[in-house]
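See below for the structure under consideration.
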Amino acid sequence: MRPKLRFLSDDLAARIVSEARDLLAKVGVAVLNDEARSLLSDHGAKVDLAAGRVTFPPGVIDQALKSVPRSFKLYDVLGVETNDFSEDKVHFTPGSSTINFLDSGTWAIRKPSSEDYVRYAKLMSRLGWIASQSTAFIPTDVHERVSDSYRLYLSLLYCEKPVVTGTFTARAFQVMRDLQLAVRGSDAALRAKPLTVFSACPTSPLKWSGVTSQTLLDCARAGVPVEYIAMPLTGFMAPVTLVGTLVQHTAETLSGVAISQFASPGAPALYGGSPAAFDVRYETTPMGAAETQMTDCAITEIGHSLGFPTQAYIGMSDSKELDAQAGLETAMGATLAVLSGINNVSGPGILDFENCQSLEKLVLDNEVCGLALRLARGIEPKDDFPSTPLFEELNREGHLLIAKHTRKHLKGELHYPGPVIDRANHGRWKEEGGLPLLARAKREVDAHLKAYAPSRLPAAAKADLTRIMESEARRHGMDRLPRRPG
Amino acid sequence: MIYDDIARRLQEGDEDQVPRLVSQALAHGLAPEEVLEKGLIAGMNAVGVKFREREVFLPDVLLAAKAMHAGISVLKPKLAQEGLPARGKVVIGTVQGDLHDIGKNLVAIMLKGAGFEVVDLGKDVPPERFAEAAEKEGAAFVGLSALLTTTMPVMAKVVEALRSRGLGGKVKVMVGGAPVTQDYAREIGADLYAFDAASAVERAQALARG
Ligand code: B12
């Protein structure tokens, strides 16, 4: 049996959805994009132009929900399936788009560079429990105008995994699509085998900005999957109660669903979110809070009940270093995420709310993900019944270390984390240098980078990527891209 | 002592009692400037300290600010000069290309609460508009917020725009938002960096006092 966690009863989930529909019918959402507004209006929504608000009579949301795909898949740059967003299948992806980077060495939080990004992409190609990469942070040594596309470029060049990404401005979508076309070869191939998921964030409370509405339209039309990421802040930009926050989140997300589905029925999407229990003592948005994490799980319960694959920002930490707080918040989130069946879990690597990425934390979190994913496999009988013969063997032999049953199930039943998780006895640990976690994590990062094998994306496609990126950079007045380490 | 009562009620966020007590103080012939300083502002400062010590939370601060405004509306017609002494005007906004305004709004609310007059230009504000508004409003401060790596550099352009209007040095520039650091503030020639709204208020007050 796959273990399953629930925070909402069926009745409560249904009530939240019906309240959200009511909210959409009576209060509606602001949509600051002409094209999205007229699209909604064409499909029966009521547009109050003066107020810029759109209300959704009952029936409009039903119509949108009808064409939502229940699942979709992602494929790596070689076209191999990596992510199956269906049912309760869980995949991890690094937390995205941070402003800062934890320096490997000084452990200072600083602004990231392209070189850091290349190291990140190489590392990502090695971490087995994290299924996709994300455009994890913003290198500051390229022009601001190409920041969003440049991250995607480096990711596609160095790592084969699909990419969870997003735009900062509406005009970035075109070049980010061109980069994907360079990998896949054609529009049809890209539609058949999605390579990326784009994040689109409504603005709480109840608003879709011009840029994010545009992302929904562009992605739907290009067959590029999106994830809706509403961020209601409990007690600040949303009701203080978790149920109230969920009502708002549901309304914000369903209005986005309508834009996508009316732009292109069947457009693939993840029902996601990044709610936070706003901390009124510090003016911050803690991702490690119990209420943040429960809300993330509840969003998945609602999303699944509506027939969507889901996403959430969970399994990350607010700590500023790789310490016990970082571990506990991350592990708690990852555990809940897996047990809730969140299909795409954005979290690994993140410190300092959503503001800092760390390679060492990615290595540690990769192990957290592995452990959490083991939980999802649960407890199943494996040649266990009848049980008497095995115990007779144990009595006879004095141990089961070389028993046939043991040899058959040793690797499948038990999960073995990598060396960053210390399982040596004290004597061995001491003799092997007595390394604390941070040192073990750094050693693993270095080992992975050394063992890195270049992406098998054909050279012609790589050259195409570089050509597209160079021309985009030139358009913004950069005569050359930052020098890339080998 | 009535000043203490005002300050205490203000800390409790009592929107009814604060203006009542202010009227009472004026009826007793106390100077409006003193009622403001020793009653309202003293109360607000105490809330600020308790907030920093995590004895009270953000909603308490905002309620106190609301009570303060209720008190000020009674006081305002009686104050010798129009507006509030020594605090000055702040023109604030989120820089061009950036739609994050939660932090900026919080800073604006807290500045208002502390007695600054705030002109909020909203979000996605081009550099030239900051400079224009600062000139038009006779602002003492321009407050800039950025939450994106890609929009933080716009802050430098605002500093530039202020300079080219001859406002460099005259209008103090305060900056904040997740990517912004003290070092960056120094680098672009901003006068003040603050990591949150409460510290923004404290530092702006200190700078306004000179
Ligand atoms: C909420 C949020 C949003 C909301 C914003 C809603 C709103 N009305 O503002 C929504 C969902 C709309 C959003 C959208 C986007 N976001 Co956003 N967002 C956040 C988040 C989670 C919290 C920000 C926040 O409100 N914090 C709470 C407030 C109270 O804190 P604060 O903003 O830091 O402000 C305090 C201080 O900084 C300071 N301060 C702030 N301003 C000022 C000004 C002055 C003068 C002073 C003195 C002090 C000061 O005082 C404030 C009060 O304490 C941050 C991550 C994070 N934890 O910071 C990401 C984050 C900033 N967003 C990010 C991104 C990528 C985006 C999008 C581009 C996503 C997308 N692809 O659609 C879009 C932006 C589009 C655009 N062009 O602007 C990234 C930034 C990446 C980068 N490296 O630049 C972050 C870091 C998250 C992440 N890792 O992905 N976002």
Is it true that some residue in the range A:429-440 is on the phi > 0 side of the Ramachandran plot and either exposed (fewer than 10 other Cβ atoms within 10 Å of the Cβ) or in a loop (DSSP other than H, G, I, E, B) (or both)?
yes
Please enumerate the residues belonging to the range B:119-154 that are buried (at least 19 other Cβ atoms within 10 Å of the Cβ) and either in a strand (DSSP E or B) or in the same structural domain as B:GLY43 (by TED's automatic domain parsing) (or both).
B:ASP120, B:VAL125, B:PHE141, B:VAL142, B:GLY143, B:LEU144, B:SER145
Within the range A:185-218, considering residues that are within 14 Å of chain B (Cβ to nearest Cβ) and not polar (S, T, N, Q), the one surrounded by the fewest Cβ atoms within 10 Å (Cβ to Cβ):
A:GLY210
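Looking at the range B:65-87, can you tell me whether even one residue there is within 12 Å of the ligand (Cβ to nearest atom) and in contact with a helix residue (DSSP H, G or I) (Cβ under 8 Å, 6 or more places away or on another chain)? So that I can check it myself, show each step before the final result.
Taking the range B:65-87 and keeping what is within 12 Å of the ligand (Cβ to nearest atom), we get none.
Scanning the range B:65-87 turns up no residue that is within 12 Å of the ligand (Cβ to nearest atom) and in contact with a helix residue (DSSP H, G or I) (Cβ under 8 Å, 6 or more places away or on another chain).
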Boolean, B:PHE51 is of a type in the set (Phe, Trp, Tyr), in contact (Cβ under 8 Å) with a residue 12 or more places away in the chain, closer than 15 Å to B:MET110 by Cβ and within 14 Å of another protein chain (Cβ to nearest Cβ)
yes
Could you list, in sequence order, all residues of the range A:115-134 that are small (Gly, Ala, Ser) and either at pLDDT below 95 or more than 21 Å from A:TYR150 (Cβ to Cβ) (or both)?
A:GLY128, A:ALA131
For the range B:181-198, which residues satisfy the criterion of being crowded, with 17+ Cβ neighbours inside 10 Å and more than 8 Å from the ligand (Cβ to nearest atom)?
B:THR181, B:TYR184, B:ALA185, B:ILE188, B:ALA190, B:ASP191
Residues that are part of a loop (DSSP other than H, G, I, E, B) and either crowded, with 20+ Cβ neighbours inside 10 Å or not small (Gly, Ala, Ser) (or both): does the range B:59-74 have at least one?
no
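So, B:ALA178, is that one modelled with pLDDT under 95, within 7 Å of the ligand (Cβ to nearest atom) and assigned by TED's automatic domain parsing to the domain that holds B:GLY113 or not?
no
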Given (1) within 8 Å of the ligand (Cβ to nearest atom); (2) touching a residue at least 40 places away in the same chain (Cβ under 8 Å); (3) away from chain A (no Cβ under 13 Å), number of the condition B:VAL107 does not satisfy
(3)
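Looking only at the range A:392-427, filter to residues that are part of a helix (DSSP H, G or I) and loosely packed, with under 11 Cβ neighbours inside 10 Å; which one of those is farthest from the chain's Cα centre (by Cα)? Let's see the steps before the verdict.
Let us first name the residues in the range A:392-427 that are part of a helix (DSSP H, G or I), namely A:392-397, A:404-413, A:426-427.
Add one more test, that the residue is loosely packed, with under 11 Cβ neighbours inside 10 Å, and what stays is A:392, A:395-396, A:411-412, A:426-427.
Numbers: A:GLU392: 48, A:ASN395: 49, A:ARG396: 51, A:LYS411: 28, A:GLY412: 27, A:HIS426: 37, A:GLY427: 40 Å.
By that ranking, first place goes to A:ARG396.
Test B:SER164 against the stated conditions and say whether it is polar (S, T, N, Q) and more than 8 Å from the ligand (Cβ to nearest atom). Before you say what the answer is, go through the steps one by one.
Working: polar (S, T, N, Q): yes; more than 8 Å from the ligand (Cβ to nearest atom): yes.
Yes, satisfied.
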Residue list for the range B:1-41, restricted to those being within 24 Å of B:ARG209 (Cα to Cα) and hydrophobic (A, V, I, L, M, F, W, C)
B:ILE6, B:ALA7, B:LEU10, B:ALA31, B:VAL35, B:LEU36, B:LEU40, B:ILE41
Condition broken by B:LYS78, with the remaining ones in (1) buried (at least 17 other Cβ atoms within 10 Å of the Cβ); (2) more than 21 Å from B:GLN205 (Cα to Cα); (3) modelled with pLDDT under 95 satisfied
(1)
Here is a list: A:ARG221, A:ARG145, A:ARG177, A:ARG171. Which entry is away from the ligand (no atom under 11 Å from the Cβ), within 11 Å of another protein chain (Cβ to nearest Cβ) and out of contact with any Leu (no Cβ under 6 Å at 6 or more places or on another chain)?
A:ARG145
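Being among the aliphatic types (A, V, I, L, M) and either over 30 Å from A:VAL142 (Cα atoms) or within 12 Å of chain A (Cβ to nearest Cβ) (or both) is the filter here; which residues of the range B:131-154 pass it? Spell out the reasoning first.
Within the range B:131-154, the subset among the aliphatic types (A, V, I, L, M) is B:131, B:133-134, B:139-140, B:142, B:144, B:146-148, B:152, B:154.
Matches in the range B:131-154: B:ALA133, B:ALA134, B:ALA139, B:ALA140, B:ALA146, B:LEU147, B:LEU148, B:MET152, B:VAL154.
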Residue list for the range A:84-125, restricted to those being under 17 Å from A:GLY347 (Cα atoms), within 14 Å of chain B (Cβ to nearest Cβ) and away from the ligand (no atom under 14 Å from the Cβ):
none
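The values are calculated or read from the model by the stated rules, or taken from the named source; none is laboratory data. Please read all numbers here as calculations on a predicted model, not as lab measurements. For neighbour counting, all protein chains shown are included, and Cβ atoms are generated from backbone atoms with ideal geometry for every residue, glycine included.
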